[in-house]
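I have placed the structure first, in the form of structure tokens, so that the comments after it can refer back to it.
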Amino acid sequence: MKAIPLGLLVFAAIVFIFAWRMQQQPDAPWYWGYVRAAAEAGMVGGLADWFAVTALFRRPLGLPIPHTNLIASKKDQLGDSLGEFVQTNFLTEATVRAKVSSAQPALKIGRYLQDSGHRDYLLGEVSHGAQAGLDSLNDEDITLLIRNMVFEQASSFAWGPPAGALLDAVVDDNVHTPAVDALLRVACDWLITNEATIVALVADRGPAQGFGLARSMHEVVGRKVHSELLKWAQASLNDPEHKTRKAIDSWLAQLATELREDPAMIEKVESLKFKLLASDEVHKAVASLWPTTKRVLGEALANPDSELRRRADDIVAQYADRLVTDEVLRARVDARIESGALYLTARYGAEAATLISDTVARWDASEASERIELQVGRDLQFIRINGTVVGALAGVAIYAFANLLI
């Protein structure tokens with residue numbers, strides 16, 4: 001790009017020399033004066049603008065002329081001014097608010113996430129980030145942290161009173177009823193499928209053995225025992241008011257009271273608690289929590305068809321549809337994004353501006369001048385072109401004005 005204005009300057013010099021020589025002829029036509037004036041003024045304009053453009057980035061011809069090499073010598077001031085300009089004109093509350101409001105970010109996010117490919121990409125990136133976060137954690141430190149939290153919390157309070165309060169609430173709300181039903185159903189099923197076992201047990205160990213009665217008599221007794229046990233289990237299962245159920249409820253209520261109020265029971269629970277916390281099995285189980293959790297979570301994150309990824313995709317898809325169709329939700333999300341942007345601007349706007357000034361300050365002076373010249377120097381060469389052309393036109397106008405009026 002520098003070759004174009006340089007070529008114009010050389011062309012103006014050649015035209016000037018030729019016009020000056022032609023004007024020296026005794027019978028030279030009048031128009032050579034205009035040509036000479038245009039070429040002469042074009043050279044002056046081109047040289048002046050070459051000096052102006054060059055003075056921005058270096059010293060013309062290496063001469064120590066004052067107020068040249070401006071970018072290198074004023075680099076830090078330029079960085080400060082640029083940072084201040086960005087903060088004053090761009091990082092303001094009014095500018096950020098208007099930009100967020102006009103951008104409609106919630107609607108754009110919703111439309112973007114309605115596309116399954118975009119959701120797959122987003123969830124994949126989140127999964128990679130989460131996996132990287134998991135891998136960066138020290139397993140020994142996390143295991144120790146979990147162990148300390150579990151055992152410190154578990155040993156910091158008595159188990160009996162809260163367990164009693166919980167059991168009391170369970171009994172009052174009949175939350176235990178399904179569990180009792182399940183136990184009775186298991187008992188019924190077992191009795192139905194194990195009649196022979198009960199008959200054989202009674203026949204082999206019944207008290208009538210010592211009286212020399214035949215085995216068939218013992219088996220009759222065994223079948224009777226089985227029949228009564230089955231009737232009892234079925235009646236307990238089918239009758240919510242059965243005395244067995246009442247007995248269970250009464251026993252659980254009494255146990256809840258003892259757990260809350262009986263010092264002896266509380267002491268027993270505390271003794272059991274300390275034995276449990278001191279057991280090797282519990283320590284191994286707690287130690288295995290983090291490795292197991294990490295492995296399961298890592299497998300779920302890595303597998304695009306895992307239940308975790310599918311559920312996350314469903315949740316994101318549903319939320320994306322709501323962002324597109326629900327104006328109230330969309331307005332609420334836009335408001336939160338706007339408030340977040342305003343908070344970041346107010347809190348970190350100055351730091352963002354200093355990022356510009358600090359970065360420019362770290363540049364080498366010659367490097368900064370070179371970088372800026374590479375960005376804007378091509379356009380600045382048009383100043384030299386314009387200087388040559390406008391100078392030539394101005395020279396013609398001045399020469400004509402002088403001839404006509406002077």
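FYI, it's all coordinate maths here, none of it is from the lab. Just so we're clear, the structure is a prediction, and the values are computed from it rather than from any experiment. Positions of Cβ are generated from backbone atoms using ideal geometry, with glycine treated the same way; all protein chains shown enter the neighbour counts.
Couplings for segment 76-89, taken from phi via the Karplus curve 6.51 cos²θ - 1.76 cosθ + 1.60 with θ = phi - 60°, read 5, 5, 5, x, 4, 5, 5, x, 5, 5, 5, 5, 6, 9 Hz in order; Gly and Pro are left as x.
A dipole drawn for the chain from +1 and -1 charges on Cβ atoms has a positive end, and of PHE18, ALA300, VAL221 the residue lying farthest that way is PHE18.
A dipole drawn for segment 264-406 from +1 and -1 charges on Cβ atoms has a positive end, and of ALA264, LEU355, LEU342 the residue lying farthest that way is ALA264. 3J(HN,Hα) couplings calculated from phi for segment 14-27 with the Karplus curve 6.51 cos²θ - 1.76 cosθ + 1.60 (θ = phi - 60°) are, in sequence order, 5, 4, 4, 4, 5, 5, 5, 5, 5, 5, 6, 5, x, 9 Hz; Gly and Pro show x. Placing R0 at 56 angstrom, the Cβ-Cβ distance between ALA285 and TYR121 gives a FRET efficiency of 0.90 after rounding to 0.05. With the helix formula -39500 (n - 2.57) applied to DSSP H stretches of n ≥ 4, the chain reaches a computed 222 nm mean residue ellipticity of -28500 deg cm²/dmol. Let me make sure I get this right: for the chain, a, b and c are the square roots of the gyration tensor eigenvalues over alpha carbons, sorted descending. Under 1.5 in a/c it's rounded, otherwise prolate if a/b > b/c, else oblate. Which is it? Prolate. Our coupling estimate for segment 57-65, obtained by passing each phi through the Karplus curve with A = 6.51, B = -1.76, C = 1.60 and θ = phi - 60°, is 10, 7, 8, x, 6, x, 7, x, 7 Hz, Gly and Pro reported as x.
Springs join every pair of Cα atoms under 10 Å in this Gaussian network model of the chain, and among LEU145, LEU122, LEU301 the largest mean-square fluctuation is at LEU145. Segment ASN89..ASP76, full-extension length gain: 2.7 nm, with 0.36 nm per residue of separation and the alpha-carbon distance subtracted. Hey, for a label at ASP139 modelled as a point 7 Å past Cα toward Cβ, could you say which residues of segment 279-303 have their backbone N under 11 Å away? Under 11 Å, as judged by backbone N against the label point of ASP139, lie 288, 290-295 of segment 279-303.
For the chain, a simple Cβ point-charge model (Lys and Arg +1, Asp and Glu -1, everything else neutral) yields a dipole of about 1260 debye relative to the Cα centre.
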